[in-house]
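See structure below.
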Amino acid sequence: MSVAGSNERLAILMIAIGARPWSRVTSELFRDYAKRCGATFILQTEEPSDEDFPLPALPDSPGRAHKRVYALKAFLPWRLLALEGYDRVLVVDDSCCVKHDAPNVFDFIEPGAVGLTETSHAHAELSFKEIRKYLKARGEPEIPYNPEHYMNSGVMLYTRGMADAISPERILAAREMLFAAYPHQTLTYYLLNSAKVPLTILPKAFNRLPASTLPAGEWADMTDATPYLSDDDDTYIYHVTGAFKRREVLIPSLALHLLAKTDPERAQALAATMPMPTTSAPAPVERPGIGRRIARKLRSLVG
């Protein structure tokens, strides 16, 4: 696998703050991928101190809970680029699973740019509405609104030349964006476009839903996406978003399946450490004992 810029320092950052048991497996996939890319893998499981990132406490409503964690998706790559000397940083959600044969994502971007993947234009319009309201209230000039440059922020590639655009000062000044329905996307779109950062659209294969060919209504209760993976599937990174309500089962089953292709023993060992799904998660109505059956299913995928 080629490496972008032989003298460059590359990092892959996965943010897994809070109760995210599936990150035990998804982090292993990206740890292996980082080695193949010549990058340092960083698993961020704790929030920085208030001194390092002095974002005031924000209420859960309106918008989503854990607003500080969404803001960290901009702050942490800035810290790696501006303070720790990395040249390019890939930031991935812990609900992403990378395939063993994925190409080097760092080769897809030029210095000074940001790499992103497109997502729903309807989501874009919701974010644009919040940005327009924010700018109008402050008498600030408008920015370009292009839904084709609106990102799903589960996979983002940053480079050192644009780090100032996501500095803590700019994040804190625009923290109202975190009350939007899509907090990180709204904040990031504003920060990048108001700073005129060049945007590179990455192939959608770097950020695609598993079972993406199925109707959206079939995703909610899905617990196993592996039957929908095929040899001719050109996806590089699967992203199990909140559209899937059984993520605590679906993500580890998918990640273990992918890990077993290259390291079945490690996959089997990790499967044994995965916690039972919580009883609060929705389960098929007429079938009791779902937790035990799911645990067996996870192990059978790598057995």
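Read the figures in this text as sums done on the coordinates, not as results from a lab. Bear in mind the structure is a predicted one, so any value in this text is a computation, not a measurement. In this analysis, Cβ positions are derived from the backbone assuming ideal geometry, glycine residues included, and neighbour counts consider all displayed protein chains.
What angle, in degrees between 0 and 90 and rounded to the nearest 10, separates the Cα long axis of helix 67-78 from the longest principal axis of the Cα atoms of the chain?
70
Where the centre of each part is set by its Cα atoms, how far does the range 73-141 sit from the range 150-206, in angstrom?
4
Hey, what did the range 10-205 get for relative contact order, percent, Cα under 8 Å, at least 6 apart?
Across the range 10-205, relative contact order equals 28 percent.
Just need the Rg to Rh number for the chain, please, alpha carbons only, Kirkwood Rh. Please list the in-between numbers first.
Details: Rg = 19.4 Å, Rh = 20.1 Å.
On the Cα set of the chain, Rg over Rh gives 0.96.
Work out the length of the dipole vector of the range 154-228 about its Cα centre, built from +1 on the beta-carbon of each Lys and Arg and -1 on the beta-carbon of each Asp and Glu, and round it to the nearest 20 debye. Spell out each step's value before the answer.
Details: 6 positive and 6 negative charges, 77 e Å.
I would put it at about 380 debye.
What longest region of the chain stays clear of trypsin sites (Lys or Arg not before Pro) that DSSP places outside H, G, I, E and B and that have at most 13 other Cβ atoms within 10 Å?
1-195
If you build a Gaussian network model of the chain, linking Cα atoms that sit under 10 Å apart, which residue out of ASP224, ASP233, ASP94 swings the most?
ASP233
If you build a Gaussian network model of the chain, linking Cα atoms that sit under 10 Å apart, which residue out of VAL98, VAL89, VAL197 swings the most?
It is VAL197.
Specify the longest stretch of the chain that does not include any exposed loop site, a site being one of the GluC sites (Glu not before Pro) with a non-H, G, I, E, B DSSP assignment and at most 11 other Cβ atoms within 10 Å.
Values: sites that count: GLU46, GLU51, GLU142, GLU286.
Result for the longest clean stretch: 143-285.
Given charges of +1 on the Cβ of Lys and Arg and -1 on the Cβ of Asp and Glu, with all other atoms neutral, how large is the dipole of the range 10-205 about its Cα centre, in debye to the nearest 20?
Dipole of the range 10-205, to the nearest 20 debye: 260 debye.
Just name one of TYR236, ALA260, LEU270: the one whose Cα is farthest towards the positive end of the charge dipole of the chain (beta-carbon charges, Lys/Arg +1, Asp/Glu -1).
LEU270
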